[in-house]
Amino acid sequence: MCFWWILKSLLIFLLIFHVNCQDDEGPYKGKYIGKINSYHHQVSGDVYAVDEYRLLFTKFNYDGNGQDTFFYAGSSNRPGIQGFIVPDEHGKTNILERYFNKDFTLRLPDTKVITDIKWLAIFDIWNQNTFGDIYIPEEFEPPKVQKIPKLDGKGNSVDSDPIEVIDAKTLRLPKFKYDGLAKKAHFWVGVGPQPNSKGQLVPDEYGYVDALRAYNGQSIILELPGDLTIFNIDWFSIFDLETNTNLGSIIIPEGLNVPPSLVKVIPHKSNLPHCLQLHKNFQLSWEIFGPQITIELAGQVREDEYLSFGLSGSDERSQMLGSDVTVAYVDQHNGYAIDYNITALSPCVKVLGQNKGVCKDDLVGGQDNSQLFTASRKDGINVITYRRFLSSSDHGDKEFPLDREVYIVWAMGRLDSKKEPSFHDAYSKANIKVDLNAKDASSNCFSFTKTDQTIEDIWEKGEIYDRTIRVFNAYVGPSGGKKGYQATTGQPSTTLAWYINGLLAPELWLRRGLTYQFKVRGGNNPHSAEFYHPLIITNEAHGGYDKLTDVAQSKIRVLAGVEYTRRGRPRPTTAGPLCLAKHRDNQDRRLDDDFATFKKFNRSLTYSCEDGDAAILEITPNTTWPDVVYYNSFTQANMGWKIHVVDSFNRGSDTTRILPNLNVIVALLLVKQLLRLFN
């Protein structure tokens, strides 16, 4: 009896040891079931349980010579015709073809789970022959989400509900609380009996590595950085690096039976001695040699996105305004590293004959001093290396100091149709200070990780389709992140967009022969690069008519909002006083996508309007107007959207459109209140 007890204990120990040691043999694949029993046709391989529904086959072989062969599963004692077909790795139930040393995942059909079956076989239905099989052990527990205890708060109001380990790289913190008052608090993991300063930073739920903001009961999902997994760490903490204080933590239980991560780890190591992780998806590396600095920007971005880095516009903090930056991207096989000067927080625009905003140095009287060295794109990672002189005679360039730390700025975002940077989607709000001339090599960089994440539940697109409306109130406000203007139009956004009757860049329906008025409050100060937006209507989708070349302007039909001087230069006719919707002072616009709907986002904004009557743009669409035209800003691109010009509002079209009449009424009431308040 004692012998069998010892044998059973040993088997349990070996099983736990095998699960815990899988990372030593390679990436964690799930809970190991065993090797496939091979009978015919060279069937072989190993099988793991990924979760309750999926099985991972590794190094699987089958010669493909069966007549009517499928993956087959059942709950009988032995494989037989009474089982059911399991779709292949493509979700199809085709006859199996040849496999050679292949890794893939099978998902059980319908709502079946692994514990419903006793075996899985490579089975030939025609002659009812089993070529290979594997049996599911009794009382087998497939990997699943594991709940572990809540955070043990030590200070700064740190608290949470029990933490969920979703998979080997993913943690969910339900109802997480932290007051945000510690200056250098981060999500922090490491090994050892308790949290300490020798751990590793975990980016927040958006990928930022800044000090943590305040949380008031939000449920957030964190991904362990690089190639770290839950099996590599002993604890998770909210840790203040300034005071070396553990503000709240939890010890990670050993041998967690969780699914493997679907995150793909993409290693990248710079050849330069210094590397700084700016964001989960952005690394800065550099080396100073003689009078030059070599800089490498490596980032996980889309093909139409850019990376930017530079010296702050302030000696006291990280500040975009006044900064000297390089915008880098890869277009097809060509790399670009272009010197920019930021004199206003808007795309480059002419203000009384001078270029202001985010402008190339050579447009503001300077020189492009960023010398491209190498550029590549692989596995979704752009790596661009360029050189600059530490000191330049260009008045727009800042000096890279060797005797002190310097504040830096960075950003990532989309390129517009002219390969110019639009408003950044990701950027740091923290002050980042770096010693560029440090003698000892330093790096806190980790491997990139890739997941198939998409923005879900985008805001409902605004539409105004109402035969009774003749007046549209137009003012400007924030473009609303990836769920806002970008999702509505598919175009990159600037900082601002048009709000029409309280809706963000809605599509409008106008009838030919009727007269409409746009009451425009987009700013009437031509000295302002950010807040001068006369309204125009053209047959071109992007706008920014004033920025275009004469040749480009000649190809666009202007329908309203522009007149021409005696010299033939375009001049806007409808520039009204500024009415601006904006974020509250303590609101972080990087979190715009947290709002479930535009209605909730809109309620979070504050409004201010300058004195004076709105400018009136009156139009009467006629038969010469195209069926689709666009309202936009005269000075800036990508602020407005479509106008559908129809011959009639008929009953058929009424039933095929979504009529947001209630939203329009609410928006009109809001605009009336604004006008009453500021007039």
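See the values below:
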read-out: Residue under evaluation residue 146, criteria (1) in contact with a strand residue (DSSP E or B) (Cβ under 9 Å, 6 or more places away or on another chain); (2) within 30 Å of residue 252 (Cβ to Cβ); (3) open to solvent by 60 Å² or more (accessible area, probe 1.4 Å), criterion not met; value: (3)
read-out: Residue, surrounded by the most Cβ atoms within 10 Å (Cβ to Cβ), within region 322-340, restricted to residues that are within 16 Å of residue 306 (Cα to Cα) and polar (S, T, N, Q); value: 326
read-out: Residues satisfying the stated conditions in region 91-124, i.e. open to solvent by 30 Å² or more (accessible area, probe 1.4 Å) and of a type in the set (A, V, I, L, M); value: 95
read-out: Given (1) free of Cβ contacts under 8 Å to residues at least 60 places away in the same chain; (2) open to solvent by less than 20 Å² (accessible area, probe 1.4 Å); (3) touching a helix residue (DSSP H, G or I) at 6+ places or on another chain (Cβ under 9 Å), index of the condition residue 258 fails; value: (1)
read-out: Total residues in region 125-135, condition surrounded by 21 or more Cβ atoms within 10 Å (Cβ to Cβ) and either among the small types (Gly, Ala, Ser) or modelled with pLDDT under 95 (or both); value: 1
read-out: Residue match in region 278-286 (condition: over 23 Å from the mean Cα position of the chain (by Cα) and at pLDDT 95 or above); value: yes
read-out: Any hit, region 433-442, residues being of a type in the set (Ser, Thr, Tyr) and surrounded by 16 or more Cβ atoms within 10 Å (Cβ to Cβ); value: no
read-out: Flag if residue 319 is of a type outside the set (A, V, I, L, M, F, W, C), out of contact with any helix residue (DSSP H, G or I) (no Cβ under 6 Å at 6 or more places or on another chain) and free of Cβ contacts under 8 Å to residues at least 12 places away in the same chain; value: no
read-out: Residue match in region 410-427 (condition: among the small types (Gly, Ala, Ser) and open to solvent by 20 Å² or more (accessible area, probe 1.4 Å)); value: yes
read-out: Failed item in (1) open to solvent by less than 70 Å² (accessible area, probe 1.4 Å); (2) under 26 Å from residue 204 (Cα atoms), with residue 379 passing the rest; value: (1)
read-out: Residue within region 61-76 that is in contact (Cβ under 8 Å) with a residue 60 or more places away in the chain, touching a helix residue (DSSP H, G or I) at 6+ places or on another chain (Cβ under 7 Å) and open to solvent by 10 Å² or more (accessible area, probe 1.4 Å) present; value: no
read-out: Among the residues listed as 643, 616, the single one being open to solvent by 20 Å² or more (accessible area, probe 1.4 Å) and aliphatic (A, V, I, L, M); value: 616
read-out: Enumeration of residues in region 582-598 that are within 14 Å of residue 206 (Cβ to Cβ) and acidic (Asp, Glu); value: 588, 592, 593, 594
read-out: Pairs, first in contact (Cβ under 8 Å) with a residue 24 or more places away in the chain and among the acidic types (Asp, Glu) in region 117-138, second in a loop (DSSP other than H, G, I, E, B) and surrounded by 20 or more Cβ atoms within 10 Å (Cβ to Cβ), C-beta under 8 Å, six or more apart; value: 124/66; 133/36; 133/79
read-out: Test: residue 180 is open to solvent by less than 60 Å² (accessible area, probe 1.4 Å), of a type outside the set (Ser, Thr, Tyr) and not in a strand (DSSP E or B); value: yes
read-out: Pair list, Cβ under 8 Å, 6 or more apart: region 594-621 residue more than 25 Å from residue 510 (Cβ to Cβ), other residue open to solvent by 60 Å² or more (accessible area, probe 1.4 Å) and part of a loop (DSSP other than H, G, I, E, B); value: 596/457; 597/460; 604/584; 605/584; 606/584; 609/679; 611/679
read-out: Tally, over region 222-242, of residues that are open to solvent by 30 Å² or more (accessible area, probe 1.4 Å), over 13 Å from residue 166 (Cα atoms) and touching a strand residue (DSSP E or B) at 6+ places or on another chain (Cβ under 6 Å); value: 1
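The values are calculated or read from the model by the stated rules, or taken from the named source; none is laboratory data. All values derive from a computational prediction rather than experimental measurement. With ideal geometry, Cβ positions are generated from the backbone for all residues, glycine too; neighbour counts draw on all protein chains shown. Calculation scope for accessible area: heavy atoms of the full protein, side chains included, ligands and nucleic acids excluded. Shrake-Rupley method; radii C 1.70, N 1.55, O 1.52, S 1.80 Å.
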